[in-house]
Amino acid sequence: MVKELMNGKKILIASSVHVWFDTRIYYKEALSLLNAGFEVEIIAREFEGESPPRVDPRIKLTVLKKSLSRIQAIKAVYQKAINSEADIIHLHDPELLYVGAKLKKKKSSMKVIFDMHENFPKAIESKEWLPKILRKSFKKIISFLEPKFLNQMSGVIFAEKSYKKDYSLQVKTVDIYNLPHDPGFMEHNKNALFTMTYVGGITKIRGAMEMIQLVHFMRSKQKKVVQLRLIGPIDESLKKTLQNYSIIHGIDQQIQFLGRLGYREIWEELRQTDLGLCLLHPVPNYVESLPTKFFEYMAAGVPIVASNFPLWEEFFVINHVGLTCSPYQIEQLAGELAEIIETDDLLKFWANEGRRRFLEDYCWEQEEAKLITFYKEVSAK
């Protein structure tokens, strides 16, 4: 019934920052909307790698070249949108809020949805590309301007429950969490080495050095040799720093940088994983949000070790998915893990409970239903 109602509605999903096959943008939202009967077009960054994934032939794709600056990419998104016949524009980046407001004035019949991936004013406090001396002033400016632009949208999607408390908006809103699809039961292929895996952007504040140090300290505290597999984009200078540390401490053969992988490739890597890591630093944008990787690890039946933020500790207590610890006490964590690994019983318990709780409460399918309903309501306004 919903699919019939949506036939003929055209959507342009736009990002000036994310690659087109970003998990939330393509594999979740675009494909869900496509299967609900919408015509879907995407404009986003090109794939950076040797083997680009294939786009569904029913989706029109415009790629923004890697060489484009952010300003150039924003202009390209605006030109695409203003010339588009789309009924709804779905924007994914804070810098596109101005584009959305401008589109609403130029094309009054067009609906514009903004998808909030992060609490941007809080995220500013830890953005490494912005000098620290400017962050406080920039945060004030963003905190003033962002709500004004958001209230000009047709609707706003919050990717996290915690975002809503910082925004009092007059437009229609909905929480659509970044939960994974169910990959199905995964028979784990155990490696000869105990394998720890991290999935996501690899940065200092996301615990890059702490994860390398964990391998170093575990080497001297337990019998099993461990390996660390890092999946995600990383700045070359940081990668060099981590590699140098690994060489100095004789663990370079135990560290693998796999780069950005496709959605299906990530599941294959998690099938060979014994433990998922999430040792983020306690910056404001992280402590009040539940990372997508929690749910990906749970879906794959992988136990988790994560930072001991109060929200995360509560989540772990409720769901029995793993161990929380201070991201600044890595040697102590290594000792605890050495004992846990020796018996394996607790790891199995966490893995089974995580998979069970994922199936009960944390699948993308329930978010998909909210997304379609939201689109239906925005379209009808």
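Observations
- Taken over the range 273-303, the criterion of being open to solvent by 20 Å² or more (accessible area, probe 1.4 Å) and either free of Cβ contacts under 8 Å to residues at least 60 places away in the same chain or hydroxyl-bearing (Ser, Thr, Tyr) (or both) is satisfied by 282, 286, 287, 292.
- Test result for residue 283, touching a Gly at 6+ places or on another chain (Cβ under 7 Å), under 25 Å from residue 159 (Cβ atoms) and of a type in the set (A, V, I, L, M, F, W, C): no
- Every residue from the range 354-381 that is acidic (Asp, Glu) and either more than 22 Å from the chain's Cα centre (by Cα) or surrounded by 17 or more Cβ atoms within 10 Å (Cβ to Cβ) (or both): 367, 368, 377
- Of all residues in the range 105-122, those being crowded, with 18+ Cβ neighbours inside 10 Å and not in a loop (DSSP other than H, G, I, E, B) number 9.
- Enumeration of residues in the range 304-337 that are free of Cβ contacts under 8 Å to residues at least 60 places away in the same chain and of a type in the set (Gly, Ala, Ser): 306, 322, 326
- Odd one out for residue 174 among (1) under 30 Å from residue 279 (Cβ atoms); (2) touching a Leu at 6+ places or on another chain (Cβ under 9 Å): (1)
- Of the strands (runs of 3 or more DSSP E) lying entirely inside the range 24-104, those carrying at least 2 residues that are open to solvent by less than 60 Å² (accessible area, probe 1.4 Å) and under 24 Å from residue 370 (Cα atoms) are 39-45, 88-91.
- Take the conditions (1) within 30 Å of residue 264 (Cβ to Cβ); (2) in contact with a Gly (Cβ under 8 Å, 6 or more places away or on another chain); residue 183 misses just one of them, which is (2).
- Candidate set: the range 164-189, residues that are part of a loop (DSSP other than H, G, I, E, B) and more than 18 Å from residue 360 (Cα to Cα); chosen: the one nearest to the chain's Cα centre (by Cα): 167
- For the range 211-218, the condition holds for at least one residue, the condition being that it is under 30 Å from residue 20 (Cβ atoms) and out of contact with any Gly (no Cβ under 6 Å at 6 or more places or on another chain).
- The lone criterion from (1) at pLDDT below 95; (2) closer than 29 Å to residue 234 by Cβ; (3) of a type in the set (A, V, I, L, M) left unmet by residue 44 is number (1).
- Here residue 351 meets each of (1) at pLDDT 95 or above; (2) open to solvent by 80 Å² or more (accessible area, probe 1.4 Å); (3) farther than 26 Å from residue 284 by Cα; (4) within 22 Å of the chain's Cα centre (by Cα) with one exception, condition (2).
- Within this structure, residue 169 fails the test of being touching a strand residue (DSSP E or B) at 6+ places or on another chain (Cβ under 7 Å), closer than 30 Å to residue 297 by Cβ, surrounded by fewer than 19 Cβ atoms within 10 Å (Cβ to Cβ) and not β-branched (Val, Ile, Thr).
- Considering residues of the range 155-166 that are out of contact with any strand residue (DSSP E or B) (no Cβ under 7 Å at 6 or more places or on another chain) and free of Cβ contacts under 8 Å to residues at least 60 places away in the same chain only, the residue most open to solvent (accessible area, probe 1.4 Å): 165
- Complete set of residues in the range 172-189 that are buried (at least 18 other Cβ atoms within 10 Å of the Cβ) and among the polar types (S, T, N, Q): 173, 178
- Among the residues examined, residue 371 qualifies as touching a Ser or Thr at 6+ places or on another chain (Cβ under 9 Å) and either at positive phi or touching a residue at least 24 places away in the same chain (Cβ under 8 Å) (or both).
The values are calculated or read from the model by the stated rules, or taken from the named source; none is laboratory data. Treat the numbers as computed from the prediction; the structure is a model and nothing was measured. As a convention, Cβ positions derive from the backbone with ideal geometry for all residues, glycine included, and neighbour counts pool all protein chains shown. Calculation scope for accessible area: heavy atoms of the full protein, side chains included, ligands and nucleic acids excluded. Shrake-Rupley method; radii C 1.70, N 1.55, O 1.52, S 1.80 Å.
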